[in-house]
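Below is one structure, written out as structure tokens, with a few remarks after it.
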Amino acid sequence: MTPDDETREREHALELLRTAFPDYRIVYGGGRWAAAAAGDPPKVWFAETPSSLCGQLFLAQLRSGGTIVPLRGKESNSQCAG
């Protein structure tokens, strides 16, 4: 995988995470993923991979009674689109 491929993959992962978890501020920097939820004090999660952060945020939503936004493709010709 080239550095350009890694950058595109990282940007796509950020887009997907932000779509699935709109109530969190999600960023990537210094080789780590992070998410923060509003609050006093704010809740913060750190992860080495986007999939790990996704799992942490999923559990946070599950435990708080929140929801997960459905991920849908931009094109409606997918067999999975509703």
* State the number of residues belonging to segment 19-35 that are surrounded by 12 or more Cβ atoms within 10 Å (Cβ to Cβ), at pLDDT below 95 and more than 16 Å from Ser64 (Cβ to Cβ). => 1
* Hey, Val69 part of a strand (DSSP E or B) and either of a type in the set (Val, Ile, Thr) or at pLDDT below 90 (or both) or not -> no
* Pairs under 7 Å by beta carbon, first residue closer than 24 Å to Ala60 by Cα in segment 1-30, partner in a helix (DSSP H, G or I) and of a type in the set (A, V, I, L, M), six or more apart or different chains? -> Leu17/Leu53; Phe21/Leu57; Tyr24/Leu57; Ile26/Leu14; Ile26/Leu17; Tyr28/Leu14
* Scan of segment 36-65 for residues that are farther than 15 Å from Arg10 by Cα, in contact (Cβ under 8 Å) with a residue 12 or more places away in the chain and either touching a strand residue (DSSP E or B) at 6+ places or on another chain (Cβ under 7 Å) or surrounded by 13 or more Cβ atoms within 10 Å (Cβ to Cβ) (or both), ordered by number -> Ala36, Ala37, Lys43, Trp45, Phe46, Gln56, Leu57, Ala60, Gln61
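Among the residues of segment 1-56, which ones are assigned to a strand (DSSP E or B) and within 10 Å of the chain's Cα centre (by Cα)?
Tyr24, Arg25, Ile26, Val27, Trp33, Ala34, Ala35
The values are calculated or read from the model by the stated rules, or taken from the named source; none is laboratory data. Because the structure is a prediction, the values reported are computed rather than measured. Heads up, the Cβs are rebuilt from the backbone with ideal geometry, glycines too, and the neighbour counts pull from every protein chain shown.
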